[in-house]
Amino acid sequence: AQTVTQSQPEMSVQEAETVTLSCTYDTSESNYYLFWYKQPPSRQMILVIRQEAYKQQNATENRFSVNFQKAAKSFSLKISDSQLGDTAMYFCAFMIDQTGANNLFFGTGTRLTVIP
Amino acid sequence: SAVISQKPSRDICQRGTSLTIQCQVDSQVTMMFWYRQQPGQSLTLIATANQGSEATYESGFVIDKFPISRPNLTFSTLTVSNLSPEDSSIYLCSVGVTGLYGYTFGSGTRLTVV
């Protein structure tokens, strides 16, 4: 079974500062993908960043970067220069790399508040 | 990535009635997924809907309660039947291709059962 754990229910950060959200996962699969999704109050799920498990290089998307530690099964998200618009729920998600019906397994989420 | 139009955005329904949620995609996709997000919770997969075949339901979800239609490669509906207050949640549809590109989500339907 695949599980995703986010141990920080809530976090806050001052505007322009850096914050790191934690995520760990458990799987026996060797090929998979990891994602961070953002859900603002509008409810829209927005893909923030994605990582292929076979790639050692950490993914980066502008102010968002990940620290992917495959052996430790850890996939943390770092947000640099935090902005008010970053205030949202953040979900870590996992997907097995196999043909067919692939669904996302989600963590329980971290509510991030950016303080002006 | 695909663009999804999900309707309605919200509804308030009486106990015992049903609500049908629609998702229209701007491109043809093989798989569509329906998720439930209970208040303050994460997303839980209800079922996977493939065109031309019966939907595949996850443990704890049954077709009688959550019938799904998938008449073509761009459209799907989820019906939540015999509503009770416990069904009050956000329901989201999602589409995507396997692999790195992840999935695109509809804007969600907030259902309140009174």
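Side notes on the structure shown:
- Our analysis of the protein assembly as shown gives Rg over Rh at 0.97, with the two radii drawn from alpha carbon positions and Rh computed by the Kirkwood formula.
- When each of A:LYS73/B:LYS7; A:LYS38/A:LYS70; A:LYS55/B:LYS7; A:LYS78/B:LYS7 is checked by Cα-Cα distance, pairs over 28 Å: A:LYS73/B:LYS7; A:LYS55/B:LYS7; A:LYS78/B:LYS7
- The solvent-accessible area of B:ILE68, taken with every protein chain present and a 1.4 Å probe, is close to 40 Å².
- For the pair A and B, the buried accessible area comes to roughly 1900 Å² in total, with a 1.4 Å probe and the value rounded to the nearest 100.
- Solvent-accessible surface of the range B:1-98, taken per residue with a 1.4 Å probe and all protein chains present: 49 Å².
- Cα→Cβ-extended label distance, 7 Å offset, between A:SER28 and B:ASN82, nm: 3.6 nm
- Relative contact order of chain A: 37 percent, from C-alpha pairs under 8 Å at least 6 residues apart in sequence.
- R0 of 25 Å, Cβ-Cβ distance B:THR20-A:ALA1: FRET efficiency to nearest 0.05: 0.20
- Per-residue Karplus couplings for the range B:108-113, computed as 6.51 cos²θ - 1.76 cosθ + 1.60 with θ equal to phi - 60°, are listed in order as x, 10, 8, 9, 10, 10 Hz, Gly and Pro entered as x.
- Counting Cα-Cα pairs of chain B in 5 Å increments starting at 0 gives whole-percent bin shares of 2, 13, 24, 26, 20, 10, 4, 1, 0.
- Protein heavy-atom surface of the range A:5-63, 1.4 angstrom probe: 40% of the accessible area is carbon and sulfur, with nucleic acids and ligands not counted.
- Accessible surface calculations at 1.4 Å, restricted to protein heavy atoms, place chain A at 49 Å² per residue.
- Take the Kirkwood radius over Cα pairs of the range A:3-115, plug it into Stokes-Einstein at 37 °C and 0.692 mPa s, and you get 232 µm²/s for translational diffusion.
- Largest-first principal axis extents, alpha carbons of the range B:1-59, Å: 34, 27, 24
The values are calculated or read from the model by the stated rules, or taken from the named source; none is laboratory data. Just so we're clear, the structure is a prediction, and the values are computed from it rather than from any experiment. Don't worry about glycine lacking a Cβ; one is built from the backbone with ideal geometry, like all the others, and counts go over all protein chains shown. The accessibility values were calculated without ligands, DNA or RNA, using every heavy atom of the protein model including side chains. Shrake-Rupley method; radii C 1.70, N 1.55, O 1.52, S 1.80 Å.
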